[in-house]
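K.L.:
I have a structure I would like to understand better, so I am pasting it below and will then ask my questions one at a time.
The values are calculated or read from the model by the stated rules, or taken from the named source; none is laboratory data. Predicted model, so just to flag it, every value in this text is computed and none were measured. Here Cβ is always computed from backbone atoms with ideal geometry, including for glycine, and neighbour counts include all displayed protein chains. With ligands, DNA and RNA removed, areas are computed over all heavy atoms of the protein, side chains included. Shrake-Rupley method; radii C 1.70, N 1.55, O 1.52, S 1.80 Å.
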Amino acid sequence: MNTAAMNGFPDTFVWGAATAAYQIEGATTEDGRGPSIWDTFARVPGAIVDGSNGDVADDHYHRYAADIALLAGLGFTAYRFSIAWSRVLPTGGDEVNQAGLDFYRRIAETCHAHGITPYATLYHWDLPQPLEDVGGWLVRETAERFRDYAVTTVDALADVIRHWTTLNEPWCSSLLGYGAGVHAPGKQLGTESLHAVHHLLLGHGLAVQAVRERHPELSLGITVNLYSVRPGSGSALDAEAVRRVDGLQNRLFLDPLLLATYPADVLTDTGTTDWFAERADDLATIATPLDFLGVNYYSRHTVAGPADGVFADPTQPSSTPGSERVQYVDTGAPKTDMGWEVHPDGLVDVIELVHERAPELPVLVTENGAAYVDVVEADGSVHDPDRRQYFEGHVEACREAIRRGLPLQGYFAWSLMDNYEWAFGYTKRFGIVHVDYETQIRTVKDSGRWFAELLG
Ligand code: FCB
């Protein structure tokens, strides 16, 4: 450990890198894996910018041992990966595919052999297709199926994996998947996507309850993606824009999970008050106490209200139902290749959002990182100063959060290696390790070397 660089971080701080099953594994039809909604969505013409899919991806299914060795070589001591539901339960039902469980056991055992602590995510957006065919997250039964899948998987792997998150970014699964339709399953239902929010959160709560009862020794959490949200000006309209975006992006998830309540203003804006009132009894389950909260942080939104004060445009399928006409202001801050503004101090803002609701709850930054265009030099090096600077700034923000007394206990870089960036296919590179998709050759980027120096 580089002691000077580590000033301000406790010895127990968790340093990891993160990935997700569909983005890296490939082998989508091997060893009994069933189809997921991402296998289907990736084949919809026009859905993915480069027309690609995750059939091969990083071929991690076959190369996991070398990839985990690489992670260890960079000095990390934790690996966050996700488990593909349809490898474990190919139809989403009761039939268990032992080969799927064996794969994740091999991953966990390889981690342990390298002194790496595995952090498993049960759901990183890849619902088994047969469950989507009977309603997906729009129906309550899917929450129960998720609980059953969680129990089966954790029962099988609890001896090698101690840290579990239920869902990754339910905002994306619901509002992007069923609201805007830009993620699987590609439904453009606007407001109705809030039903998916509720069923995802219910599935999380049911899973935590059932798993905790059987395995009280495990550490259980959920990962949400939070945004720092600021007004474009001091006007009342811009304040309202902040209220709406913060509501849909942050409070719609943090309030039920941590305070056992839905934000009334968001339900009013979206016209869903009555629907949620009928399900108020579920809130106690959703708010089942957690051992940690995972936060994914990438950027800040600076927002403004429309000049005419009319926020809703029901004609647009959207991920901001009822608030489609909010304007996103360009502050002139540097942007990543995703067009996302770089604001490291926003990371402290979002940890505060958790802390003010649950002062004792440990927080892990389960994802943080940046896409930039990379070039492999003739000597095989990849110089990525922008990505390195992004990480430096955000690691500094973690130090600041700890200095302020916030219970931040770990940081995971997104991502260990370049991978399938959902609707952007292979066009966006987030890795600290470069992947040549033709040859599957991995090359550590300068940002990866920076971590190695920090942690070394
Ligand atoms: C997050 C996802 C992750 C990756 C990054 C860039 O929203 O959890 O899979 O795509 O964004």
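K.L.:
Which residues' amide hydrogens lie under 5 Å from the amide hydrogen of V14, considering only partners 5 or more residues apart or on another chain, with H built in the peptide plane?
P.N.:
Those lying under 5 Å, H to H, from V14 are G410, Y411.
K.L.:
Find how many whole Å separate the alpha carbon centroid of the stretch 140-155 from the alpha carbon centroid of the stretch 19-81.
P.N.:
22
K.L.:
Under unit Cβ charges (Lys, Arg +1; Asp, Glu -1), what dipole magnitude, rounded to 20 debye, does the stretch 14-455 have relative to its Cα centre?
P.N.:
540
K.L.:
In terms of solvent-accessible area of protein heavy atoms at a 1.4 angstrom probe, what is the ranking of L353, L194, highest value first?
P.N.:
Correct descending sequence by accessible area is L353, L194.
K.L.:
While we're looking at this one, here's another question. Using 0.36 nm times the number of residues separating M6 and Q327, minus their current alpha carbon distance, what extension gain do you get?
P.N.:
Length gained, M6 through Q327: 111.6 nm.
K.L.:
If you take every DSSP beta bridge fully contained in the chain, what fraction is antiparallel? Give it as a percent rounded to 5.
P.N.:
The antiparallel fraction comes to roughly 15 percent.
K.L.:
Still on this structure, please answer the following. Quick test of the membrane-span-like rule: which DSSP H helices of the chain reach at least 18 Å along their long axis (C-alpha atoms) with mean Kyte hydropathy at least 0.0?
P.N.:
Counting only whole DSSP H runs, the qualifying helices are 60-73, 193-214.
K.L.:
Related question: Stretched out fully, how many nm does the piece from R404 to H112 gain, at 0.36 nm a residue minus the Cα gap?
P.N.:
Numbers: separation 292, 0.36 × 292 = 105.12 nm, distance 3.30 nm.
Fully extending the segment from R404 to H112 adds 101.8 nm.
K.L.:
For the stretch 395-454, run through the GluC sites (Glu not before Pro) and keep only the ones in DSSP coil with at most 12 other Cβ atoms within 10 Å of their Cβ.
P.N.:
Numbers: sites: E396, E400, E421, E438, E453; in loops: E421, E438.
Sparse-neighbourhood loop GluC sites (Glu not before Pro): E438.
K.L.:
Continuing with the same structure: Roughly speaking, what is the stretch gain from R105 to A65, that is 0.36 nm per residue apart minus the C-alpha to C-alpha distance, in nm to one decimal? Present the calculation step by step, with values, prior to reporting the outcome.
P.N.:
On the way: separation 40, 0.36 × 40 = 14.40 nm, distance 1.20 nm.
Stretched fully, the R105-A65 segment lengthens by 13.2 nm.
K.L.:
Then there's this: Round to the nearest 10 and report in Å² the accessible area of R63, as given by a 1.4 Å probe over the protein chains' heavy atoms.
P.N.:
Per-residue accessible area (R63): approximately 90 Å².
K.L.:
By per-residue mean of other Cβ atoms within 10 Å, what is the highest-first order of 371-378, 208-215? Intermediate values should be presented prior to the final figure.
P.N.:
Details: 371-378: 13.5, 208-215: 16.6.
Order by mean packing, descending: 208-215, 371-378.
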